[in-house]
Amino acid sequence: MINFTKTFPLLLATVVLLVSAGQASAANRSLEPTCCAPEPPTPCCYDPCFHYKTHKLFVKKACPCDCCPPVEAVLQVVDPRCNCFVDVPVCLPSCCTGVPTIDSRCGLFKRGIVEYEWCCGFKIKMVFKHGGHVDVHYYGL
């Protein structure tokens, strides 16, 4: 007589391993050697012209203390329209630290829009327009 209470879990584990190994080998067969990683962004071929705008109306101030001056920085922003990057000089509040969240999309009239938002509430929105114009909008200063 066979004791199924001891052999069934072992049999079930063997079947699961065989099925998962078969799926993995099928997935490996579907990968082609010509498959490649996405291309990294390259420097943009145009010389950008920056326009800065600070929005203070109806915006909560990100840094309540004004004891420290803002920090000048250069963000390397990828233009979502053509996968190239532009060095954008910006001023950041000294209390905003850490890595920002980045949202990148194409907008109306073939504009590229990239938003950087820090956990302190400060936000920078860059709008890439035709002709190399980049509008830089500050929210929370």
Check on V114, part of a strand (DSSP E or B), at pLDDT 90 or above and closer than 18 Å to T42 by Cα: yes
Counting only residues in the stretch 120-141 that are closer than 20 Å to T54 by Cβ and outside any strand (DSSP E or B), the one modelled with the lowest pLDDT is identified as L141
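Return the total of residues in the stretch 121-140 being closer than 20 Å to C68 by Cβ and either among the β-branched types (V, I, T) or crowded, with 18+ Cβ neighbours inside 10 Å (or both). Break it down stepwise before answering.
Residues of the stretch 121-140 that are closer than 20 Å to C68 by Cβ, as a first pass: 121-124, 138-140.
Those still in the list that are either among the β-branched types (V, I, T) or crowded, with 18+ Cβ neighbours inside 10 Å (or both) too: 122-124, 138-140.
Summing the residues that are closer than 20 Å to C68 by Cβ and either among the β-branched types (V, I, T) or crowded, with 18+ Cβ neighbours inside 10 Å (or both) in the stretch 121-140 gives 6.
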Condition check: charged (D, E, K, R), under 15 Å from the mean Cα position of the chain (by Cα) and either farther than 30 Å from C45 by Cβ or loosely packed, with under 14 Cβ neighbours inside 10 Å (or both). Does R105 satisfy that? yes
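Return the total of residues in the stretch 68-83 being part of a strand (DSSP E or B) and surrounded by fewer than 16 Cβ atoms within 10 Å (Cβ to Cβ). Walk me through how you get there before you give the answer.
First, pick out the residues of the stretch 68-83 that are part of a strand (DSSP E or B): 71-79.
Applying the additional criterion that residues be surrounded by fewer than 16 Cβ atoms within 10 Å (Cβ to Cβ) yields 71-74, 76.
Residues that pass the stated criteria total 5.
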If we scan the stretch 44-66, do we find a residue that is under 16 Å from L141 (Cβ atoms), in a loop (DSSP other than H, G, I, E, B) and modelled with pLDDT of 85 or more? no
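The values are calculated or read from the model by the stated rules, or taken from the named source; none is laboratory data. Small disclaimer: the values here were computed from a predicted structure and weren't measured. Cβ: placed from backbone, ideal geometry, glycine included. Neighbour counts: every protein chain shown.
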